[in-house]
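Presented below is the structure to which this report refers.
The values are calculated or read from the model by the stated rules, or taken from the named source; none is laboratory data. Everything numeric here is computed off the predicted structure, so don't read it as measured data. Cβ: placed from backbone, ideal geometry, glycine included. Neighbour counts: every protein chain shown. When the accessible area is computed, the model is the full protein with side chains, heavy atoms only, and any ligands, DNA or RNA have been set aside. Shrake-Rupley method; radii C 1.70, N 1.55, O 1.52, S 1.80 Å.
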Amino acid sequence: MKKKITIITFLLAVCALAWMPEIQAQAKEPVIVVIDPGHGGEENRGGEVLPHYVEKNLTLQVAQAMKQTLEQFEGVEVYLTRTTDQELSLEQRAQIAKAYHADFLFSLHFNMSAEHNLYGTEVWTSAFGKYYSAGQTFGRLQLAEMSQYGLYNKGVKTRLNSRGTDYYGVIRASRALDLPCVIIEHCYMDHPIDSPQANTPQKLANFGVSDAIAVAKYFHLKSASLGLDFSNYQYSKVPAPAGGVAVPDSTPPENVNMVITNADLKTGKVDISLSASDPQSGMLYYSYSIDGGITWSVLTPWAGGNTIQFSRTVPGGSQPIIMCRAYNGYDYHTDSNFAVPGVFAAR
C-alpha cells in the first residue's frame, strides 16, 4: 500500500511540473532601463551655447521623451535618475540605477568641441570585457537610428584615464557596480551643421524616440500600441575585446600626403588627391587651407579608403599655398605637405 501511494504521489508531481513552463513564462521579470539626463543643478549646467542651448535642459527633455516611448513597450520598466533640475554626482547616478536593479544605464548628453569645428553623433562605452561588448552592440544600434537625421556617425568609442581604467565617471562607476552603461552624445550644440537638429522641443523629443527604439531593438521588445515588434530583431553582438580591454586610439593619422593633380590658375579650379591612413580608428574628416595653414575650411567627412579626390576653387590668378589636414576617428589630426599650384611642392 505504501509503495502504491508513493507511485501516485510521483505521478501527481509529474502532472504539476507539466504546467510549470507556462507559469514561469508569465512570471518572467521585466527588462529594467534607467535613463540618466546628463548634468543638472546650478553648478553642473553642462555645455552652453547661449541663449538657445543649455545641456542640462536638453538632456532632460530627451530623457522624458525616451521614457514615454519606452513605457509603451511590453515587459520593460523605465526610470530616470532625475526628473527635475537636480545635481547628482556621477557615482550617485550609477547607484540609483543599481538600486532599481537596472539591466542598462543610458546617460544622455550633447557635445561641444574646443575649436567649435567638430560635428556628428557618437557613443562612449567601457573599454572592458562584457561591458564593452554590451556598449558597442547597443551603440551601433543607436547610431543607426540617429542616421535618419543626417548626423555624421562618429562611432562607438572607449577612453581610458591615466590609471588605465574608464575615463568617464558614470561609466567607471557603473562598471564597478556590474552595470552596463553608455554615454550618448546626440550632436554638437556649437556647430552649425548639427545645432539645427536640436533647436525645437519636437526635435529633442525625436531624439528621445530614436533612443527608445534602439533600446527596444537591443532588448527585443514589442509594443501593440505603437505597432512595433522587435522580438525577432536580428543584430550582431560585438564580442568582448581580446585581452580584456579595448585600448583607444591615441595617435594621429599616418602617411598623410597631398598631391595637386591638376590646376587651372585662370579659373582657380584645383584638383587634389589626399592620402592618409589610421589602422586603429580609421579616417573621419579632412579640411584644407589655401593660405599655408593660417585659416582652415569647414571639416568634410572622409568618404572612401585611404585616398580621396576632391576639387576646390581658389581666387583666379592667385598662387595659393595649399595644404590639407586629416582627422582620425578620435579627432586627432595630421597636416599634409604644402604645395603652390604650378610652382612646387614641399614638406
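With bins 10 Å wide beginning at 0, the percent of Cα pairs of the stretch 136-228 falling in each bin runs 14, 39, 34, 13, 1. Charged side chains reduced to their Cβ positions (Lys and Arg at +1, Asp and Glu at -1) give the chain a dipole of some 1180 debye around its Cα centre.
A simple spin-label model places pseudo-atoms 7 Å from Cα toward Cβ; at residue 306 and residue 259 they are separated by 1.3 nm. From most to least packed by mean Cβ count within 10 Å, the peptides 208-215, 252-259 give 208-215, 252-259. Highest average first, the peptides 271-284, 318-331 ordered by how many other beta carbon atoms sit within 10 Å of their residues are 318-331, 271-284. Probing with 1.4 Å while keeping every protein chain in the model, the per residue accessible area of the stretch 36-101 equals 50 Å².
Round to the nearest 0.05 the FRET efficiency obtained for residue 277 and residue 32 when R0 = 41 Å and r is the Cβ-Cβ distance.
0.40
When all protein chains stay in place and ligands, DNA and RNA are ignored, the 1.4 Å accessible-area order of 261, 300, largest first, is 261, 300.
Considering helices alone, the calculated mean residue ellipticity of the chain at 222 nm is -8500 deg cm²/dmol, with DSSP H runs of length four and up weighted by -39500 (n - 2.57) and normalised per residue. If the chain linking residue 318 and residue 162 were pulled fully straight, counting 0.36 nm for each residue of separation and taking away their Cα-Cα distance, it would gain 51.3 nm.
Compactness of the chain was expressed as the Cα radius of gyration divided by 2.2 N^0.38 Å, which yields 1.28.
Relative contact order of the chain, taken over Cα pairs closer than 8 Å and 6 or more residues apart, is 15 percent. Of 314, 247, the residue with the largest accessible area leads and the full order is 247, 314 (1.4 Å probe).
In plain terms, the chain from residue 87 to residue 220 could stretch by 44.6 nm, reckoned as 0.36 nm per residue minus the Cα-Cα distance. Scoring 57-68, 146-157 by mean Cβ neighbours within 10 Å over their residues and listing the highest first yields 57-68, 146-157. Site pair residue 148 and residue 267 shows an inter-label distance of 4.2 nm when each label is modelled 7 Å from Cα along Cα→Cβ.
Remark: for residue pairs 98/154; 157/217; 56/203; 67/98, the C-alpha separation exceeds 24 Å in 98/154.
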